[in-house]
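Every number here is computed from the coordinates shown, using simple stated rules; none is lab data. The model shown is predicted, which means the values in this text are computed figures rather than measured ones. Note: ideal-geometry Cβ built from the backbone for every residue, glycine included; neighbour counts use all protein chains shown.
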Amino acid sequence: MIETYYAGAYWGARKESPEECGRRAEVLFTALRSVAPDFAHWLKQGRSRREALKHPIETDRASLTKMFRRGKDRVFDELGFRISGWNGASDYEASAFLICAGMYSELVSNSCVFNIPSSSPDKEEGPNAQRVLTATVLSGMVRAMAVAWDPEWAIATSTAHRDLIPMPQPTRLWGWVTYYSDQVGRVPPLPAPVRMERVEDKGTLVILTPERFTASNPEHVALAKRVGELLDRAGILGPPLR
């Protein structure tokens, strides 16, 4: 089974200006440059890869602020701003992002989501996926999002495992690498081989396994189930902050 992976940070209504969103995004992209070379350069999306290669995204605060201004919802101010981009790699080796920030409607949530390289259905896994799909890289990625956006929670995991979580889904998920803000509660002690790390004075990073987590591994699924039960019992997976 081919598994795809993603990383995302999520937070509730928070009214912020394009300047504040630009500042946070600069912190994020600066940190990501040291996480993996795949996250060092980004491009604006175009009609083709050739066209997009002509339009790099400058990740300084002023340039990102301009992007957020252009990404403002033209009808409803409370729907904030949206920006997106990708790293120029081809096909399944590409990474892409979509940031929705500055939203203060109670009906929507802010988010910063990255698609991560994976193997294609008819090819061996490429070097980008091999480099990125590690606990070290994804922990660094989630940590960077947590520091930049101060979200309620963030995650990097297999989409196949996410889809195994029974309905109704909790408002906060868990997976290979997950972050929970102290605002949603203190993470309880968790069984080995789970590792926990503090993220500044903001929250806790939870890493289920040092090796690649997959939904096709029964031991991984069982461990995730146990961890989910403990997090739920501690109230970590409860309703979002408002």
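When only the Cβ of Lys, Arg, Asp and Glu is charged (+1, +1, -1, -1), the dipole of region 53-138 relative to its Cα centre reaches about 440 debye. Extension gain, Asp163 to Arg195: 0.36 nm times the residue separation minus the Cα-Cα distance gives 9.2 nm.
Under 5 Å between amide hydrogens, built in the peptide plane, is the criterion, and for Lys72 it picks out Arg82 among residues at least 5 positions away or on other chains.
Using the Cβ of Glu20 as centre and a radius below 13 Å, the other residues enclosed give a net charge of +2, where K and R count +1 and D and E count -1. Distances between placed amide hydrogens fall under 5 Å for Ser158 paired with Trp176, all partners being 5 or more residues away or on another chain. Taking other Cβ atoms within 10 Å as a rough exposure proxy, Asp38, Asp60, Asp201 sort from fewest to most as Asp201, Asp60, Asp38.
About its Cα centre, region 5-233 has a charge dipole of approximately 420 debye under the convention of +1 per Lys or Arg Cβ and -1 per Asp or Glu Cβ, with nothing else charged.
Volume per residue for the chain equals 130 cubic angstrom (convex hull of Cα atoms). Largest GNM mean-square fluctuation among Ser158, Ser90, Ser118, using the chain with Cα springs under 10 Å: Ser90. In the elastic network of the chain, a GNM with C-alpha springs shorter than 10 Å, the most mobile of Leu208, Leu190, Leu32 is Leu190. When you restrict to C-alpha pairs under 8 Å that are six or more residues apart and normalise by the size of the chain, the relative contact order lands at 22 percent.
Length gained on full extension, Asp91 to Ile2, computed as 0.36 nm times the residue gap minus the Cα-Cα distance: 30.5 nm. Distance between the modelled labels on Thr171 and Asp77, one decimal in nanometres: 2.6 nm (7 Å Cα→Cβ projection). Look at the dipole of the chain built from charges on Cβ: of Cys112, Pro239, Cys100, the Cα furthest out on the positive end belongs to Cys100.
For the chain, the number of Lys pairs separated by eight or more positions or lying on different chains, with C-alpha atoms closer than 30 Å, is 14.
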